[in-house]
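Below you'll find the structure, written out as structure tokens, and then a few comments.
The values are calculated or read from the model by the stated rules, or taken from the named source; none is laboratory data. These figures come from a predicted structure and were not determined experimentally. All Cβ positions, glycine included, derive from the backbone under ideal geometry; neighbour counts span all protein chains shown. To get the accessible areas, we keep the full protein, side chains included, count just its heavy atoms, and leave off ligands, DNA and RNA. Shrake-Rupley method; radii C 1.70, N 1.55, O 1.52, S 1.80 Å.
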Amino acid sequence: MCVVNTALSVMAYDYPTEKLSVYVSDDGGSKLTLFAFMEAARFATHWLPYCRKNNIVERCPDAYFKSNNSWFPDTNRIKMMYKNMRVRVENVVQEGTISRDYMTNEGESEAFSRWTDEFTPQNHPPVVQVLLEQSKDKDVTGHTMPNLVYVSRGKSMNLPHNFKAGALNVLLRVSATMTNAPVILTLDTDMYSNDPRTPVRVLCYLLDPAMDPKLGYIQFPQIFHGINENDIYGGQLKLEFQIEPSGMDGLVGPSYVGTGCFFRRGVFFGGPSETPELNQDHLVNESINSKEVLAVAHHVADCNFEKKTKWGTEMGLRYGSLVEDFYTSYLLQCKGWKSIFCNPKRPAFLGNSPINLHSILNQIMRWCVGLLEVAFCRYSPITFGVKSINPLTGLCYAHFAFWPIWSIPITIYAFVPQLALLNCASIFPKVCPSKHSLASQL
Ligand SMILES: O=c1ccn([C@@H]2O[C@H](COP(=O)(O)OP(=O)(O)O[C@H]3O[C@H](CO)[C@@H](O)[C@H](O)[C@H]3O)[C@@H](O)[C@H]2O)c(=O)[nH]1
Ligand SMILES: [Mn+2]
């Protein structure tokens with residue numbers, strides 16, 4: 001349900017719906033996720049007009065119903081619908097399969113028929129399913145709905161899937177073939193939009209004629225909710241996600257942190273592409289549910305598509321590091337792209353952070369491996385970055401990339417004093433009067 005809330009919160013953006021498309025990546029390749037989104041698409045036809053009519057600010061349904069918000073005549077009805085949707089999704093997840101009673105039309109059962117016996121999360125053909133289409137689907141008041149597209153990229157055991165970077169690159173390509181909007185927001189499943197006016201705020205930067213044309217992306221901070229009361233594991237990560245990006249904003253801009261970031265599409269698509277549908281000026285005139293458009297979308301979502309292309313090296317999110325966000329933005333800035341850190345009073349996005357020791361250690365370990373991959377690659381910030389961006393930004397990136405090395409002195413410091421105490425040895429030099437006076441003189 002978390003991912004459904006993420007999608008609903010951005011579908012309900014205070015922005016013309018005919019210009020909004022939401023692409024959901026299901027890297028687990030589960031038909032249960034597709035089912036949840038079919039339910040979400042139906043619920044959205046009630047939720048969007050409700051938010052618009054009552055000027056709701058909290059547009060993530062779960063957060064809205066949890067907070068004691070103002071009451072409107074149709075609040076109870078919508079709340080009931082949300083609960084029903086939740087129960088249906090939870091039932092299906094518990095049963096692990098979707099029985100016929102849950103399918104409302106032929107189109108739906110046809111979509112699920114793609115999950116054949118050979119279909120496994122690690123090995124399956126791509127699935128692109130249009131759940132809502134602007135030109136056809138209307139909400140209950142007759143207003144256009146935004147596009148909602150489910151994407152599960154093709155996977156093969158014999159080919160590298162490149163983790164999140166690979167998943168995002170498929171979304172970049174599928175969206176290019178279907179709608180090709182010039183501005184893209186990437187949002188993780190564990191976050192949701194907390195402010196419906198965010199796209200307008202972003203456009204103020206992107207459309208400002210005085211703005212540097214090399215402005216590539218606008219990053220919002222990751223702000224977490226639901227952290228343990230005393231935040232014993234420092235899960236807010238204020239330094240990494242709020243303070244340090246503000247500092248980098250004074251140079252050429254902050255790094256990308258994987259979520260809550262609006263990009264110019266051009267940043268990811270280098271020069272002209274061999275696939276005409278992936279060019280920046282490609283205009284989609286047909287229905288996104290037409291056979292031709294879907295065929296191209298499936299083609300670019302296939303696991304073989306990237307072979308012998310520049311995806312992951314010069315196009316899209318860059319491969320080679322587990323922190324694809326950090327690595328990609330670093331290389332983009334080396335190419336001259338600039339960024340902006342936008343930290344409004346009301347957080348634009350809210351998210352979850354790990355709250356138990358096991359998942360925190362797992363996350364930190366992944367980050368450390370990813371950062372060291374950048375620190376010791378041929379484009380290391382300390383050698384390549386300081387020359388390519390500017391010395392200060394290069395040092396900022398180096399500061400992050402070499403951050404895992406701190407674990408060595410910290411571990412030593414955690415043990416040496418105790419060992420010294422047990423062995424009655426002194427770890428600090430004895431104070432020698434002559435040196436002491438010298439030091440005080442200095
Ligand atoms: O093979 C993968 C792995 C992850 N994801 C998605 O990546 C997102 C982030 O994953 P999560 O498990 O939440 O990782 P975190 O440790 O919380 O991620 C932080 O660190 C990552 C690496 O730097 C960034 O990409 C994230 O945005 C940032 O929140 C989720 O939406 C996942 O669905 C994939 O699609 N495919
Ligand atoms: Mn996360």
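Data overview
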{"read-out": "Qualifying positions in segment 54-68 - touching a residue at least 60 places away in the same chain (Cβ under 8 Å) and of a type outside the set (A, V, I, L, M)", "value": "58, 59, 60, 62"}
{"read-out": "Within segment 322-347, considering residues that are part of a loop (DSSP other than H, G, I, E, B) and open to solvent by 20 Å² or more (accessible area, probe 1.4 Å), the one nearest to residue 124 (Cα to Cα)", "value": "322"}
{"read-out": "Some residue of segment 357-364 being part of a loop (DSSP other than H, G, I, E, B), within 16 Å of ligand 2 (Cβ to nearest atom) and on the phi < 0 side of the Ramachandran plot", "value": "no"}
{"read-out": "Residue check for residue 279: assigned by TED's automatic domain parsing to the domain that holds residue 229 and either open to solvent by 40 Å² or more (accessible area, probe 1.4 Å) or within 16 Å of ligand 2 (Cβ to nearest atom) (or both)", "value": "no"}
{"read-out": "Subset tally (residues that are touching a strand residue (DSSP E or B) at 6+ places or on another chain (Cβ under 6 Å) and either charged (D, E, K, R) or open to solvent by less than 10 Å² (accessible area, probe 1.4 Å) (or both)) for segment 12-37", "value": "6"}
{"read-out": "The listed residue being touching a Ser or Thr at 6+ places or on another chain (Cβ under 7 Å) and not in a loop (DSSP other than H, G, I, E, B), out of 296, 284, 369", "value": "296"}
{"read-out": "Every residue from segment 219-270 that is of a type in the set (A, V, I, L, M) and either out of contact with any helix residue (DSSP H, G or I) (no Cβ under 8 Å at 6 or more places or on another chain) or within 11 Å of ligand 1 (Cβ to nearest atom) (or both)", "value": "227, 232, 237, 239, 243, 257"}
{"read-out": "Filter result for the condition that a residue is within 15 Å of ligand 2 (Cβ to nearest atom), under 21 Å from residue 222 (Cβ atoms) and in contact (Cβ under 8 Å) with a residue 40 or more places away in the chain, over 337, 367", "value": "367"}
{"read-out": "Count of segment 309-334 residues which are within 15 Å of ligand 2 (Cβ to nearest atom) and out of contact with any Lys or Arg (no Cβ under 7 Å at 6 or more places or on another chain)", "value": "3"}
